[in-house]
């Protein structure tokens, strides 16, 4: 049954995505001050929420893996860290496009932009360490994931702590019903796709770990048989 959950999530995303795009571009009014470019909001904000949720997931899973040596936690941290890179890239592409049209500059070096860019770099280092690091690098990668999770509340509260060009976090709550009706389908589609990909990658990582264990056991049995032949 579990194997069909990602399929169901991908099917949901495939069904809702065309509806959300249609809703955003054909049935939602154009914002007076920012114009058509404001429609990036409906994709930029959900991607940012998902990115932060995945970063926290990765950090918590990495912490569990350090304490309990859990294979499930390790696989979850790897999968979530990779998806932070993908969703973070979406945030860092859509944000500057929106900013350039609204503020006249794609990058203003405000606190939220810098902390988001830092988060992406942290998880880029995490993924590289997990893929290409030497023995024992998994602990350093886990520490990076935990540090990345700590950066999430800094990103969220940056607009309240420092003076930034970004809108405050209260803006989303004050949206008119028409904008909320366009935001929810985009959020549902992106969340469904992200969770589906997360579950698939967790399963793949668990399979890769099991295969590594099988190869190690096979080599050890082969070495033991060779030793017995040598003694004989």
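The values are calculated or read from the model by the stated rules, or taken from the named source; none is laboratory data. Since the structure is predicted, the reported quantities are computational estimates derived from the model, not experimental observations. Here the Cβ is made from the backbone with ideal geometry for all residues, glycine too, and neighbour counts use every protein chain on show.
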Exercise for the section: Determine if segment 128-136 includes at least one residue that is more than 22 Å from residue 105 (Cβ to Cβ), in contact with a helix residue (DSSP H, G or I) (Cβ under 6 Å, 6 or more places away or on another chain) and surrounded by 16 or more Cβ atoms within 10 Å (Cβ to Cβ). Expected result: yes
Completion exercise
Across (1) over 24 Å from residue 81 (Cβ atoms); (2) in contact (Cβ under 8 Å) with a residue 60 or more places away in the chain, residue 214 clears everything bar (2)
Exercise for the section: Could you tell me whether any residue of segment 71-91 is surrounded by fewer than 20 Cβ atoms within 10 Å (Cβ to Cβ) and either over 27 Å from residue 196 (Cα atoms) or more than 21 Å from the chain's Cα centre (by Cα) (or both)? Expected result: no
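For every residue, the table says whether it meets (1) farther than 22 Å from residue 79 by Cα; (2) in contact (Cβ under 8 Å) with a residue 60 or more places away in the chain.
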| site | (1), (2) |
| --- | --- |
| 17 | yes, yes |
| 22 | yes, no |
| 26 | yes, no |
| 31 | yes, no |
| 40 | yes, no |
| 44 | no, no |
| 49 | no, yes |
| 53 | no, no |
| 56 | no, yes |
Exercise for the section: Among residues belonging to segment 11-50 that are in contact with a helix residue (DSSP H, G or I) (Cβ under 7 Å, 6 or more places away or on another chain) and surrounded by fewer than 17 Cβ atoms within 10 Å (Cβ to Cβ), point out the one that is modelled with the highest pLDDT. Expected result: 19
